[in-house]
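J.: Encoded as structure tokens, here's the structure I'll be asking about.
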Amino acid sequence: MYSHCANDSHRVQTCLLNLHSKLRGYFNSTLIMRSTIDAIQKVLSTAKAAISGKRYHKGTKKYCVIVTLDVKNAFNSARWNHILSALEKMGVPLEGKFLCAVHVLAGTPPLVLLVDERSRLYEHSREDAWSDATSEERAKTLEKWQTQWSTTTKGRWTHRLIPSIAAWIERRHGEVNYHLTQLLSGHGCFRSYLCRTKNDTSSSCPTCQPAVEDVEHFIFHCPRFTVEREELYRLANGPLETETFVGFMLENERNWEATASFASSVMARLRSEERARRR
Ligand SMILES: [Zn+2]
């Protein structure tokens with residue numbers, strides 16, 4: 001019998017990612033006036049999504065946990081680098097293998113970089129040109145984030161798809177949903193991933209063995225998904241590959257939606273095949 005923890009943890013991670021990108025909107029000038037109630041509703045709908053669906057076996061999904069950190073008057077009374085070192089001393093995980101890709105997918109810089117930016121802005125706080133400083137410091141944060149993303153060993157599949165953070169976060173269309181997250185992060189029902197997380201006993205593709213069923217094989221090569229893939233290639237006027245996949249999505253909304261629908265249909269099939277193997 002396999003453990004299902006990995007799948008449940010995906011669901012929570014994806015919900016957090018969705019919340020992350022929704023909250024990102026609050027920092028855009030056009031959305032800055034949205035009410036607190038609206039924010040609460042988003043948290044509630046995220047919680048609802050986190051507990052939706054059924055477990056395979058006994059047990060309920062009535063509850064999920066949302067943890068927030070509220071430091072009273074933190075923005076004007078505490079130094080962010082002090083907050084960060086306090087969090088680190090308490091052993092609060094600020095970064096992780098999966099989180100590295102999640103930050104890029106959600107378009108939200110890692111907490112460490114945001115804290116650093118906050119500290120720099122604190123130094124500017126007595127100056128007049130606050131808005132200039134804000135955009136200048138945000139540009140520096142993006143530069144540091146890009147350097148970190150280009151040199152880290154984490155999230156390399158996502159990095160192959162999205163080498164430039166700016167190109168990704170400055171897009172004008174497209175939400176990253178549950179199935180797209182699996183495709184773009186490489187964390188999904190692919191046998192190589194399931195095997196690595198001890199949720200399957202073999203990483204071989206059931207059709208192409210001994211070829212390994214990893215996310216790249218799944219998207220670009222496996223004959224099980226030729227029909228869905230051809231539909232995508234038809235829109236792209238030719239075959240896509242890892243390095244051109246996200247560029248195609250970013251070109252226009254139609255391409256993005258077609259990729260999202262490709263992700264939903266192939267991931268749903270993969271999931272049902274995985275369920276059948278477990279029986
Ligand atoms: Zn295959």
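J.: Within 10 Å, count the other beta carbons around each residue, average over each peptide in 142-151, 155-164, and list them highest first.
T.: 155-164, 142-151
J.: Suppose R0 equals 51 Å; then what is the FRET efficiency for Ala276 and Ser164 from their Cβ-Cβ distance, rounded to the nearest 0.05?
T.: Numbers: r = 39 Å, r/R0 = 0.77.
After rounding to 0.05, the efficiency reads 0.85.
J.: R0 = 22 Å: FRET efficiency of Ser265 with Ser204, Cβ-based, nearest 0.05?
T.: Approximately 0.45, to the nearest 0.05.
J.: Sorting check: for 170-178, 191-199, which peptide has the highest mean count of neighbouring beta carbons within 10 Å, and how do the rest follow?
T.: My ranking of the peptides, most packed first, is 191-199, 170-178.
Each reported figure results from applying straightforward, stated rules to the coordinates on display, with no laboratory input. Fair warning: this is a prediction, and the values are worked out from it, not measured in the lab. For neighbour counting, all protein chains shown are included, and Cβ atoms are generated from backbone atoms with ideal geometry for every residue, glycine included.
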